[in-house]
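The values are calculated or read from the model by the stated rules, or taken from the named source; none is laboratory data. Worth saying up front: this structure is predicted, and the values here are computed from it rather than measured. Virtual Cβ from ideal backbone geometry, glycine too; neighbours counted across all protein chains shown.
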């Protein structure tokens with residue numbers, strides 16, 4: 001049985017490039033961002049006190065987490081991490097859409113309060129005779 005790395009049966013070069021080769025460069029890029037990004041921040045901020053070390057650690061965890069999430073969304077859309085994230089993202093978008101659509105515009109508020117104000121003697125009501 002041929003290995004997956006050497007077997008490209010039924011794949012053209014574009015499919016192979018996007019499916020196998022590009023993900024290695026993605027991982028290498030995330031590795032470089034983590035190592036050089038956090039390393040450069042450590043060099044700039046040195047000497048480090050406790051708060052800066054904790055901040056750099058959280059930055060490191062955030063960068064690794066975003067790298068893994070990006071990998072899951074690009075190459076493993078059927079995996080549990082991508083499915084969970086996409087479900088949460090879909091619910092978040094729907095909640096924002098409901099919030100946006102349920103909010104009245106300022107023009108609607110001005111018209112509603114002006115027309116339906118019973119204490120306004122100048123307001124024209126359809127039941128009142130026009131003088």
Inset, instruction - Identify the single condition in (1) in contact (Cβ under 8 Å) with a residue 40 or more places away in the chain; (2) loosely packed, with under 10 Cβ neighbours inside 10 Å that residue 44 does not satisfy, given that it satisfies every other one. - result: (1)
Legend entry - Qualifying residue in region 44-61 (condition: part of a helix (DSSP H, G or I), modelled with pLDDT under 85, more than 23 Å from the chain's Cα centre (by Cα) and more than 28 Å from residue 24 (Cβ to Cβ)): yes
Inset, instruction - Would you check which residues across region 10-37 are surrounded by 14 or more Cβ atoms within 10 Å (Cβ to Cβ) and over 26 Å from residue 85 (Cα atoms) and list them? - result: none
